[in-house]
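**Q** Got a structure for you, written out below as structure tokens; questions coming shortly.
The values are calculated or read from the model by the stated rules, or taken from the named source; none is laboratory data. From a predicted model like this one, the values you see are computed outputs, not experimental measurements. Cβ: placed from backbone, ideal geometry, glycine included. Neighbour counts: every protein chain shown. Note: accessible area is taken over every heavy atom of the protein model, side chains too, but ligands, DNA and RNA are not part of it. Shrake-Rupley method; radii C 1.70, N 1.55, O 1.52, S 1.80 Å.
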Amino acid sequence: FEQTKYRGDAASLERLAFTDLEGTPTPVGVLAPSGSPRVVEVFGSWCPNCHDATRLLTELHSEYKDRGLVVLGLAFEHSADDAKAIEAVRRYKADLGVEYPLLIAGLSDKAKASEALPVLDRVRAYPTTLFIDADGSVRAVHSGFSGPATGEAHETLRAQWIAHIEAMLEKAEAPPLPGRD
């Protein structure tokens, strides 16, 4: 949680646009709008740790979507050919049973990924996961993933992700303070 820093304002991520799985440019804010607590995963279909992280996010999305959690994946693929990248991410989505939207964000090269995501100081690892409150403030950014094979490290990370999601949802569900909009 300490490696990668968010450096944009509250709306910076929402203004970025990437390609959906139909080949249409789509602003992040359309799929992960402000006003909703959201988790945004930077991943690659080629990345084994991303597979593990996506399995967890798929589970958490299913568990928390009815409370307003929005999950979005931003894929950085090996191929610069849009059709090949889209096909790889479609297979990934189908294989893992992903029910939340995925966008093709660019090439997997970390320097190019950092250019495509100027809201981060840089992309250091795949996956990188952003936890964003409904008001747009970034609660946490996590680089990497400790998969199930890591045992206790995985359980600790899973508990941390759930704690962030619960806190984001509680904040979103809290009634406004008197005298404030």
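**Q** Jot down the per residue volume, in cubic angstrom and as a whole number, of the convex hull over the alpha-carbon atoms of segment 100-181. Intermediate values should be presented prior to the final figure.
**A** Details: hull volume 11.2 nm³, N = 82.
Dividing the Cα hull volume of segment 100-181 by its residue count gives 136 Å³.
**Q** Tell me the mean residue ellipticity at 222 nm calculated for the chain from its helices only (DSSP H runs of n ≥ 4, each -39500 (n - 2.57), averaged over every residue, nearest 500). Working shown, then result.
**A** Working: 6 runs with 69 residues, N = 181.
Calculated at 222 nm, the ellipticity per residue is -11500 deg cm²/dmol.
**Q** Also: Computed FRET efficiency, Cβ-Cβ of residue 96 and residue 7, R0 35 Å: what is it to the nearest 0.05?
**A** Values: r = 30 Å, r/R0 = 0.86.
Efficiency, rounded to the nearest 0.05: 0.70.
**Q** What is the mean projected area of the alpha carbon convex hull for the chain, to one decimal in square nanometres? Intermediate values should be presented prior to the final figure.
**A** Numbers: hull surface 40.9 nm².
Quarter of the Cα hull surface area: 10.2 nm².
**Q** Moving to a separate point now. At 0.36 nm per residue, and after removing the present C-alpha to C-alpha distance, how many nm does the segment from residue 172 to residue 66 gain when stretched out fully?
**A** Working: separation 106, 0.36 × 106 = 38.16 nm, distance 1.30 nm.
Between residue 172 and residue 66, full extension yields an extra 36.9 nm.
**Q** Using a Cα-Cα cut-off of under 18 Å, which lysines could be cross-linked to residue 65, ignoring same-chain neighbours fewer than 8 residues away?
**A** Within reach: 93, 171.
**Q** Within segment 1-88, what percent of beta bridges assigned by DSSP are antiparallel, to the nearest 5? Spell out each step's value before the answer.
**A** Values: 3 of 9 bridges.
Among the beta bridges of segment 1-88, antiparallel pairing accounts for roughly 35 percent.
**Q** I'd like the orientation of helix 48-64 relative to the chain: the angle between its Cα long axis and the longest Cα principal axis, in ° from 0 to 90, rounded to 10.
**A** Long axis of 48-64 versus the principal axis of the chain: about 40 degrees.
**Q** Over segment 87-181, what is the mean sequence separation of C-alpha contacts under 8 Å (at least six apart), divided by residue count, expressed as relative contact order in percent?
**A** Working: 72 pairs, mean separation 14.8, N = 95.
It comes to 16 percent, rounded to a whole number.
**Q** A further question on this structure: What FRET efficiency, computed as 1/(1 + (r/R0)^6) with R0 = 25 Å and r the Cβ-Cβ distance, is obtained for residue 137 and residue 159, rounded to the nearest 0.05? Walk me through the numbers before you get to the answer.
**A** Details: r = 22 Å, r/R0 = 0.88.
Once rounded, the FRET efficiency stands at 0.70.
**Q** Next question, about the same structure. Compute, for the chain, the length of the dipole vector about the Cα centre, with Cβ point charges of +1 (Lys, Arg) and -1 (Asp, Glu) only. Units Debye, rounded to 20.
**A** Once rounded to the nearest 20, the dipole reads 300 debye.
**Q** Something else about it: Could you give the angle, 0 to 90 degrees to the nearest 10, between helix 152-173's Cα long axis and the longest principal axis of the Cα atoms of the chain?
**A** 50 degrees
**Q** Of all accessible surface on the chain at a 1.4 Å probe, what whole percent is carbon and sulfur?
**A** Values: 4330 of 8620 Å².
Whole-percent figure for carbon plus sulfur exposure: 50.
**Q** Right, next: Which value, in Å², gives the accessible area per residue of the chain when a 1.4 Å probe is used on the protein heavy atoms?
**A** In whole numbers, the chain has 48 Å² accessible per residue.
**Q** Using the Kirkwood radius over C-alpha pairs as Rh, can you work out the diffusion coefficient of segment 22-122 via Stokes-Einstein at 25 °C, viscosity 0.890 mPa s, in µm² per second?
**A** Values: Rh = 14.0 Å.
Stokes-Einstein gives a translational diffusion coefficient of 176 µm²/s.
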